Amino acid sequence: MLRMRNVVILLGSPGAGKGTQARLLRERFRIPKISTGDILRQQAQNGNGAHTLATQMNAGGLVPDDVVNRAVVERIQLADCERGFVLDGYPRNLSQARFLESQLHPPDRILAIEIQAQCEDLLFRLLSRTYCPRCGTTYTTQNDAAGVQRRCEECGGLLQKRKDDREDVIRTRFKEYEQVTGPLIAHYAASGVFHQVHGNLPVHQVFNRIEALVQQALSIPMPQTA
Ligand SMILES: [Zn+2]
């Protein structure tokens, strides 16, 4: 008999906090977090010929649907996905969503949750974000008023802004997200599996809401907390 897989799809514009919430879901429900960005970068590292794709992705380019679809299918066949998984950054459009559904089978269940954010809130958050290129830690404070570059509290590296955290780039990404995701949301809403949570709240409050939705809709047995 086929086991039921609980498929949680996180939607949200860049900067809405999908990655963080996906990690929290993984820890809470002990189901893997699948990010297409991570898979493709890993494939590139393992020398699977996806190197140019990874380069393309890092440059902000889009990877063709069939490449992403294939990567996801291979990943969800692994044993750790037998109870379910969280998808972060996939499906990105209606065609990928239809493909994903063709790979599922009863009694699998889908829950799509959009972490909603306003463009102005994202701008504020992303424009004040710096990161440490040496250890990857992200900071939300800007350089001080004198324009002196701050140092990382973990390793002392000089903090930088990400190249794509610029107002014009952020506005364009937000608009693209709304255009591409509109049909996707309509699709999940029509199937009765779509929910939205307000993303401009502290991380744990956003998570409380997502956690409640997942439990309610999927009734994934909660692992015993230590
Ligand atoms: Zn650092």
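The values are calculated or read from the model by the stated rules, or taken from the named source; none is laboratory data. Since the model is a prediction, treat every value here as computed from it, not as a measurement. Glycine also receives a Cβ, built like all others from the backbone with ideal geometry; neighbour counts cover every protein chain displayed. Heavy atoms of the whole protein, side chains included, go into the accessibility calculation; ligands, DNA and RNA do not. Shrake-Rupley method; radii C 1.70, N 1.55, O 1.52, S 1.80 Å.
Quick notes
- One residue alone among Q56, Q149 is part of a loop (DSSP other than H, G, I, E, B) and at pLDDT below 95, and that residue is Q149.
- Some residue of the range 149-158 being more than 13 Å from the ligand (Cβ to nearest atom), acidic (D, E) and open to solvent by 70 Å² or more (accessible area, probe 1.4 Å): no
- Annotation note: of I76, I110, I170, I115, the sole residue that is open to solvent by less than 60 Å² (accessible area, probe 1.4 Å) and in contact with a Cys (Cβ under 8 Å, 6 or more places away or on another chain) is I170.
- Looking across the range 120-132, the residues that are buried (at least 16 other Cβ atoms within 10 Å of the Cβ) and away from the ligand (no atom under 16 Å from the Cβ) come down to L122, L123, R125, L126.
- Looking only at the range 178-194, and only at residues there that are in contact with a strand residue (DSSP E or B) (Cβ under 8 Å, 6 or more places away or on another chain) and open to solvent by less than 60 Å² (accessible area, probe 1.4 Å), the one that is farthest from E101 (Cα to Cα): T181
- Hits in the range 185-212 - residues which are touching a residue at least 24 places away in the same chain (Cβ under 8 Å) and assigned to a helix (DSSP H, G or I): I185, H187, Y188, V203, V206, F207, I210, E211
- Per-region count, the range 211-226, residues farther than 11 Å from R30 by Cβ and either modelled with pLDDT of 55 or more or open to solvent by less than 50 Å² (accessible area, probe 1.4 Å) (or both): 9
- Summed over the range 77-129, the residues that are over 19 Å from the mean Cα position of the chain (by Cα) and of a type outside the set (D, E, K, R) give a count of 12.
- Number of the condition not met by D164 [criteria: (1) assigned to a loop (DSSP other than H, G, I, E, B); (2) open to solvent by 70 Å² or more (accessible area, probe 1.4 Å)]: (2)
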